[in-house]
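Trainee: Below: one structure in structure tokens.
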Amino acid sequence: MTGGKKIPHFYWRRLCQIFCFVLFSFLFIKTDYSGADEIAYAVNLLFRIDPLLAATASLAARTFITLMLPALFTLLFTFVLGRFFCGWVCPLGALLDGGHRLVPPVGGKDGVYRNTKYYLLAFLLVAAWFGLPAAGYLDPFSILVRGLTLAVYPAFNALNTTFFTFTYQHGPDWLNSMTEPVYAFLKYTILPFDQKYYDLALLSLFILISVILLERVERRFFCRNLCPLGAMLAVTARFSLLRGIGGSKCGKCRNCREVCRMGAIDEERKISRSDCNLCLDCVAVCPGRKISFAFAGRSEARTPFNLSRRALVSAIGAGVILPFFLKGRSMAVNPDPFLIRPPGALPEDEFLGRCVRCGECMKVCIGNGLQPTFFEAGIEGLFSPKLRGRTGYCEFNCTLCGQVCPTGAIRKLALQEKQRTRIGHAWFDKNRCLPYASGIPCIVCEEHCPTPEKAIKFREAVVLDDNGTEVVLKQPYLVDSLCIGCGICETKCPLPGASAVRVTSAGESRDPDSIIPTTGGTGYLGG
């Protein structure tokens, strides 16, 4: 029996890349409300197999985060197969490879920035231990998901909605008979449950596009030079059992060097285990079939790192020193009162240490209330989630954000526990509230208050309206013990611009020092 023609190895790599990217896209789309308070899929799986995020979050938390246990398998497979993750699994790597023809490199000096990723890795690990969590800013999954969540996906939905609305309103019946089923199919499959709006959308898009445009400098520039996850895998891959065997006696041919997307093959056609991402393109283009991959013995010499001792010490020193500058800011004692974290969020320092800025909680938020912070939580809190009541609110019957958080920065809460969890407290601005300021009846905030026993109640009062006429109306007031800070009163307030009711972080459950003063039943503060 004779075998047929073998499928080239790199085809298997491409198929795996396509499969992983489709899986990533599927999980990304499923990170959304689907009509039930339950996420049926492990939508945060890719974050949980990320050893960089596992290491930095665990260092910051000073304990191993069991949710990130799958990341150990990534390192284990890397020890066996080398840096295969970057070439076969990583969705950002697949995106860069897929867009390579659209953004071809213009050429440059190879290897100039190659060690940068190791310095970044050292800085991130040390800084995480000393209290500056920054891995989410450079982690490839975080960059990709954040860019898609905050910018690309909402724009994609807006584009489709605009197009199909236009055809519905202005197109002839025969056109609608074709477009409406298509729109219904898209809504059922890939479009989000609702149109979302996000702060920092353009900044997130800019970062993602910058990573893609760096391909103009050098193919896989981000993976070769900047990716700290790639650096961690490269360090592990130095000890991998599988290695590429180059051809040192293959004449003037440079096909393997030219096709290598990672620049892993030197002039002597030796293949660096740290840089090779096992794409197998070199095997396909080698005319003499002198390149192969095999499990090597322990005596195999490894390519030296050639790291600058001064740069490495500087990176570690920065990781040690910078966190202490954060402790001297005024926000260390006076946090931003409008920094309202999601229900289930850990105490602030631990929350920031574990949060990987992935945007999963913001994407799944039904009320569109979770928004990325800019500098409200300091430079270390950039892109972490906060509730922005004027944009959206925390749905009373929702626990989805805790279900999708890959590191446990937001604890998974049972519904009853979540409904008792205070994330803040509402306050009325009587200079803006219509019944107080203008004598105009308004009960919108009370109508939307979701707590079983309304946290917003009314007192009847006789006031003068704008015409000087006495009117009897209801003026809202808040029962402190019942408010959970969900923000729906701020969202629904009918005033244009700033709301007459604002939610602050006062009274949040996670901070024992954030207690709202009471009269203690005596009529006097603290009595």
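The values are calculated or read from the model by the stated rules, or taken from the named source; none is laboratory data. Worth saying up front: this structure is predicted, and the values here are computed from it rather than measured. All Cβ positions, even for glycine, are placed from backbone atoms using ideal geometry, and neighbour counts span all protein chains on display. With ligands, DNA and RNA removed, areas are computed over all heavy atoms of the protein, side chains included. Shrake-Rupley method; radii C 1.70, N 1.55, O 1.52, S 1.80 Å.
Trainee: Based on what the data block shows, is residue 380 part of a helix (DSSP H, G or I), under 30 Å from residue 118 (Cα atoms), open to solvent by less than 40 Å² (accessible area, probe 1.4 Å) and in contact (Cβ under 8 Å) with a residue 24 or more places away in the chain?
Mentor: yes
Trainee: Shifting gears a bit: How many residues does the range 265-294 hold that are in contact with a Gly (Cβ under 8 Å, 6 or more places away or on another chain), open to solvent by 30 Å² or more (accessible area, probe 1.4 Å) and of a type in the set (Lys, Arg)?
Mentor: 3
Trainee: Got a sec? Which helices (runs of 4 or more DSSP H) wholly within the range 1-89 have at least 3 residues that are surrounded by fewer than 15 Cβ atoms within 10 Å (Cβ to Cβ) and of a type outside the set (A, V, I, L, M)?
Mentor: Those helices (runs of 4 or more DSSP H) span 9-30.
Trainee: Before we move on, is residue 19 at pLDDT 90 or above and under 25 Å from residue 418 (Cα atoms)?
Mentor: For residue 19, the condition - at pLDDT 90 or above and under 25 Å from residue 418 (Cα atoms) - is not met.
Trainee: Got a sec? Which strands (runs of 3 or more DSSP E) wholly within the range 414-527 have at least 3 residues that are at pLDDT below 95?
Mentor: Correct list: 456-464, 470-478.
Trainee: Please state which one of 224, 219, 146 is in contact (Cβ under 8 Å) with a residue 24 or more places away in the chain and touching a Ser or Thr at 6+ places or on another chain (Cβ under 7 Å).
Mentor: 146
Trainee: Next question, about the same structure. Output the residues belonging to the range 183-214 that are among the hydrophobic types (A, V, I, L, M, F, W, C) and under 11 Å from residue 153 (Cα atoms).
Mentor: 190, 191, 201, 205
Trainee: Now, a different point. Could you list, in sequence order, the residues of the range 170-211 that are of a type in the set (D, E, K, R) and in contact (Cβ under 8 Å) with a residue 24 or more places away in the chain?
Mentor: 194, 196, 199
Trainee: Within the range 311-321, can one find any residue that is surrounded by fewer than 14 Cβ atoms within 10 Å (Cβ to Cβ) and either assigned to a loop (DSSP other than H, G, I, E, B) or over 35 Å from the mean Cα position of the chain (by Cα) (or both)?
Mentor: no
Trainee: Related question: In this structure, is residue 132 outside any helix (DSSP H, G or I), touching a residue at least 60 places away in the same chain (Cβ under 8 Å) and of a type in the set (A, V, I, L, M)?
Mentor: Spelling it out, residue 132 is indeed outside any helix (DSSP H, G or I), touching a residue at least 60 places away in the same chain (Cβ under 8 Å) and of a type in the set (A, V, I, L, M).
Trainee: While we're here: How many of the residues making up the range 421-445 are crowded, with 17+ Cβ neighbours inside 10 Å, more than 33 Å from the chain's Cα centre (by Cα) and charged (D, E, K, R)?
Mentor: Total meeting the criteria: 1.
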